[in-house]
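Below is one structure, written out as structure tokens, with a few remarks after it.
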Amino acid sequence: MYSTPARIFSFILASVLAMLVTFYPPAVSAMQHGVITLVIWGVCAGFVHGVGFDPENRYWRAIFSPIVAWCLMGFGLFRIGAGYGLF
């Protein structure tokens, strides 16, 4: 979970979602505010894990864990794809 390939995966997935939200806002415009907030939380957690930062506090470690990041980013990609009829 904290290996180099996992960190690279987190960083690339977070980068793709961040660029999608930034440069193509219609992709997320149909989502509700709470859903977009969860997706952005996933992107932030993906960047935290991707750059190699490991919080010492258990609370922050749970919030920014790679499992949480991957689930939220996957959910975001699914919702964006579903909005375009891909799923």
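Residue-wise test of (1) part of a helix (DSSP H, G or I); (2) aliphatic (A, V, I, L, M); (3) at pLDDT below 90.
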| site | (1), (2), (3) |
| --- | --- |
| 1 | no, yes, yes |
| 6 | yes, yes, no |
| 9 | yes, no, no |
| 29 | no, no, yes |
| 36 | yes, yes, no |
| 40 | yes, yes, no |
| 45 | yes, yes, no |
| 61 | yes, no, no |
Looking at residue 61, is it basic (Lys, Arg) and surrounded by 14 or more Cβ atoms within 10 Å (Cβ to Cβ)? no
Residue ID - surrounded by the most Cβ atoms within 10 Å (Cβ to Cβ), chosen from residues in the stretch 33-58 that are closer than 17 Å to residue 2 by Cα, over 14 Å from the mean Cα position of the chain (by Cα) and not polar (S, T, N, Q): 55
Give the residue that is surrounded by the fewest Cβ atoms within 10 Å (Cβ to Cβ), with candidates limited to residues of the stretch 14-32 that are of a type in the set (Gly, Ala, Ser), closer than 15 Å to residue 74 by Cα and free of Cβ contacts under 8 Å to residues at least 40 places away in the same chain. 15
Is the stretch 36-57 home to any residue that is among the hydroxyl-bearing types (Ser, Thr, Tyr) and in contact with an Asp or Glu (Cβ under 8 Å, 6 or more places away or on another chain)? no
Just to check your reading of the model, which residue among 87, 53, 11 is touching a residue at least 40 places away in the same chain (Cβ under 8 Å) and hydrophobic (A, V, I, L, M, F, W, C)? 11
Which number in (1) surrounded by fewer than 11 Cβ atoms within 10 Å (Cβ to Cβ); (2) in a helix (DSSP H, G or I) marks the one condition that residue 86 misses? (2)
Can you tell me which of 62, 6 is in contact (Cβ under 8 Å) with a residue 12 or more places away in the chain and either among the hydroxyl-bearing types (Ser, Thr, Tyr) or over 25 Å from residue 85 (Cβ atoms) (or both)? 6
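The values are calculated or read from the model by the stated rules, or taken from the named source; none is laboratory data. Note that the structure is a prediction, hence the values are computed from the model and not measured. Counting neighbours? That spans all protein chains shown, and the Cβs are built from the backbone with ideal geometry, glycine included.
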